Amino acid sequence: MADIVETNVAGRETGEVALPVRGMSCASCVARVEGVLEAIPGVVAATVNLAAERATIVFDNETVTPDGIATAIGRAGFEVPSEVIELAVTGMSCASCVARLEAALRRVPGVTSAEVNLATERAHVATWSGRAAASALVAAAEEAGFGARETSAAAATKDLGAAERDEETRELLRRVLLAAGFCAPLVLVAMLRMIEPFHAWMLFLLAERGWVTVELILASPVLFLAGSRIYRTGWAELRHLNPGMNTLVMLGASAAYAYSLAALTMPGVFPAGTVNAYFEAAGVIVTLVLLGRYLEAVARNRTSDAVRKLIGLQPQTARVTRNGAVLEVPVDAVRQGDVITLKPGERIPVDGRVTDGSSWVDESMITGEAVPANKTAGDEVIGGTVNKAGSLTISASRVGDDTVLARIIRMVEQAQAVKPPAQKLADRIALVFVPAVIAAAALTFAGWILLGSDQALSFAFVTSVSVLLIACPCAMGLATPTAIMAATGRGAETGILFRNGTALETLARIDMVVFDKTGTLTAGRPEVSGFRVLAKDDFGMDPDSLLRLVASAEAGSEHPVAEAIVAEARARGQEVLPARDFTADPGYGIAARVDCRMVRAGNLRLMTRLGVEMPDAAEQIVADFAARGETPVFAAVDDRLVAVFSVSDGIKPGCAEALQALGARGIDIGMLTGDDRRTAAAVAAELGISAVHAELLPEQKADLVKRLKAEGRRVAFVGDGINDAPALASADVGIAIGTGTDIAIEAGDVVLMSGELDGIAGAVRLAVQTRRTILLNFVWAYAYNVALIPLAAGLLYPLAGILLNPMLAAGAMSVSSLFVVGNSLLLRRRDIRT
């Protein structure tokens, strides 16, 4: 691990840091890095070790920061690798808590960014690799008044935080019950003293001063035992000059308690008519706040139900055959290549390929598709799905964190953790909102005192406490993350995975969706519909022999067209030969050496680049294929064109309806493809797409998406292949088909696990509903507070005689948060498929 240490050079306070450096390959690289470092003003000395890939720098603390050093290394063309440390955090209650914790984490040396999510109670901290130890981050969080511990990526698939969240909820319940146990008799005593004939009867038993003492005895455990965490956190907030919700509650409840205690013990110092006790207000304030937090915790846990359900899909054990014996082992002990046997009704423990048996598998919780899929030998199965009918034997292909289920869970949790722009704005507002509320409470108190009436002190106290309580910013902190959690959970249940909350926010505002053709608009299962041989006599081969030669070269490619040619050769009984020197050129085709011949297959661009002569007969063949919407594939042997294949790929079922659903929302549709222009035009005509761009290389697809964005369009791109990755990354929102390649899925902001295009309209619908929910949450959180602060301040008292009781203010504050959480939870019931 790299450490920062304090040293002293020539009377100056200096720091020393060791940073990992990636990308160096020789002594000149070392010299260049050292030169860059030594050129930084304030760097005293720099030593770079090529073998250890490490740079040790001594620098002036006053002029240079470690982060500045890392940035300079990056500009020189090398990399200081970063890592993300995730912390589980306790003790947060509002948006100002989030802002204060983020500020504390960013002050730790080596931290480049820190994002804290109130709803998930997680902090994601990006650091230069090895620079900021988790222990330093935990210490910074605790110094700021919060509890924290490092949590690992494995926690996502094992739900290690579930027990902690449940314990947190149980702890809140215990505090609520303790507070309620003392608060109920406290309120009873206070209320009965205001009602005849109970007042006279109580005075007969005990003097007024005695009953106030009883209230003191009952209120103290509520504040200082049940509400101890509020006080502990509130004091930490004040100590760091960064007040938050706990500060407001602490000040309000303490003011009521202290005022009442002073009135009880020193009544002579108060003006006539102001010797009042508010112990019941102090007790009810803390009890209502605790009750609100408990109900929030219960509701917030429900926003994570979708992730919990996904985690619960993975069985705990698997039946594995090893050394001829069938053993039941923990699922964590399953290794790649293990043979697993499955009985009807069992969940599949890991991803694998069927080696024996036939069955129907329910994949609905992964793909959102209700109809079970038929699985036979050679088919892939996904861990967590249910084997419905027959017995299966599978060979484990992906285990542990590599399974589809584990990746889905990570995607959902990452989407819930990343903070969208709307919440970042809310957190910035919260930083100034709480100090403004405290100032408003002080002005309210001063204003009532200056009125000079007999009851001015009592009114000043009641109104200032009410202002403190009613304006707590907890609803602001929950407005976005609870909606994001509910929406991403709902999406996961229907096979739509959002990588981050920003994608949800952006997708709601797109005005154009651009599709890749092959595998996206088409079924992605192309078949060879025919081929024409052009030079068989030159090579002494019949058509089947030429097909075998081309298929042998294509066997090394993952492209669906290559797979179709290989399948056609095998269907004709041709054995695929071994190939050497295989290379794939995305956007062009492939090359390989088979039987001492160099075989190349791909599109017209490949033939043109190679300088392969194109006879007139080939041009006519291509025209015939394109007129039928079929894709031409050219094959050359030893740089001579030998055959043209026609590959047909039917329109994906439901594709036209999905495009119509998008069009009905006012969204324009476009299509990009590397395919032949005439073939693309035929497919576009069938689907009613007018904006068509064909014969594009992967980088040209990305450039076209960027050009559309530059024209002011908000663009979503939909694709499924390796050559779609640049365009997916360039779009405002990249939507990857989950049945496509891993590279495309990793590049997408949204992943459709089922591969069905109606999921796009569903994703847009969910994004729009989420944006509306967030806006309503913010309107409620801010408008509610702004509207009620004047009421709490007593501005209506001169006009209508209305004065808000601090107990009602505390209840109203809790209602604000519960509305936001409840409104967000409605997203889990939305029908996004219609």
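The values are calculated or read from the model by the stated rules, or taken from the named source; none is laboratory data. In this text the structure is predicted, and so the values were computed from the model without any measurement. All Cβ positions, glycine included, derive from the backbone under ideal geometry; neighbour counts span all protein chains shown. Only protein heavy atoms, including side chains, enter the accessible area calculation; ligands, DNA and RNA are left aside. Shrake-Rupley method; radii C 1.70, N 1.55, O 1.52, S 1.80 Å.
Residues Phe625, Phe645: which one is open to solvent by less than 30 Å² (accessible area, probe 1.4 Å), under 30 Å from Val718 (Cα atoms) and in contact with a Ser or Thr (Cβ under 6 Å, 6 or more places away or on another chain)? I'd like the intermediate steps shown before the answer.
Working: Phe645 fails: in contact with a Ser or Thr (Cβ under 6 Å, 6 or more places away or on another chain).
The conditions single out Phe625.
If we keep just the residues of the range 602-645 that are within 46 Å of the chain's Cα centre (by Cα) and of a type in the set (S, T, N, Q), which is modelled with the lowest pLDDT?
Selected residue: Thr631.
Out of everything in the range 66-77 that is surrounded by 15 or more Cβ atoms within 10 Å (Cβ to Cβ) and closer than 13 Å to Gly35 by Cα, what residue ends up being modelled with the lowest pLDDT?
Out of the qualifying residues, it is Ala76.
Taking the range 105-127 as the region of interest, how many residues are within 13 Å of Val138 (Cα to Cα), open to solvent by less than 10 Å² (accessible area, probe 1.4 Å) and not in a strand (DSSP E or B)?
Of the residues in that region, 1 qualify.
How many of the residues making up the range 494-518 are more than 22 Å from the chain's Cα centre (by Cα) and either among the polar types (S, T, N, Q) or open to solvent by 20 Å² or more (accessible area, probe 1.4 Å) (or both)?
Here the count works out to 2.
Please verify whether Thr583 is under 24 Å from Pro698 (Cβ atoms) and without any contact (Cβ under 8 Å) to a residue 12 or more places away in the chain, treating the condition exactly as stated.
yes
Quick one: Ala617 ticks every box in (1) farther than 30 Å from Gly712 by Cα; (2) in contact with a helix residue (DSSP H, G or I) (Cβ under 9 Å, 6 or more places away or on another chain); (3) open to solvent by 50 Å² or more (accessible area, probe 1.4 Å) except a single one, so which number is it?
Here Ala617 meets the rest and fails (2).
Considering the range 597-609 alone, what residues qualify as being open to solvent by 60 Å² or more (accessible area, probe 1.4 Å) and part of a helix (DSSP H, G or I)?
Here is the first cut: in the range 597-609, the ones open to solvent by 60 Å² or more (accessible area, probe 1.4 Å) are 597, 604, 608-609.
Leu604, Thr608, Arg609, listed by residue number.
Among the numbered criteria (1) in contact with a Gly (Cβ under 6 Å, 6 or more places away or on another chain); (2) farther than 27 Å from Leu672 by Cβ, which one does Ala601 miss?
Result: Ala601 passes all but (2).
In the range 350-391, which strands (runs of 3 or more DSSP E) lie fully inside it and hold 2 or more residues that are touching a Lys or Arg at 6+ places or on another chain (Cβ under 6 Å) and either modelled with pLDDT of 80 or more or of a type in the set (Lys, Arg) (or both)?
351-357, 359-362
Pairs under 6 Å by beta carbon, first residue closer than 17 Å to Val718 by Cα in the range 508-530, partner open to solvent by less than 10 Å² (accessible area, probe 1.4 Å) and among the acidic types (Asp, Glu), six or more apart or different chains?
Asp516/Asp724
Looking only at the range 211-234, filter to residues that are open to solvent by 20 Å² or more (accessible area, probe 1.4 Å) and small (Gly, Ala, Ser); which one of those is farthest from Ser96 (Cα to Cα)?
Ser220
Which residue is most open to solvent (accessible area, probe 1.4 Å), if the candidates are limited to the range 235-262 and must be assigned to a helix (DSSP H, G or I) and over 21 Å from Glu280 (Cβ atoms)?
In this case the residue turns out to be Trp235.
Could you tell me whether Gly337 is in contact (Cβ under 8 Å) with a residue 24 or more places away in the chain and part of a loop (DSSP other than H, G, I, E, B)?
yes
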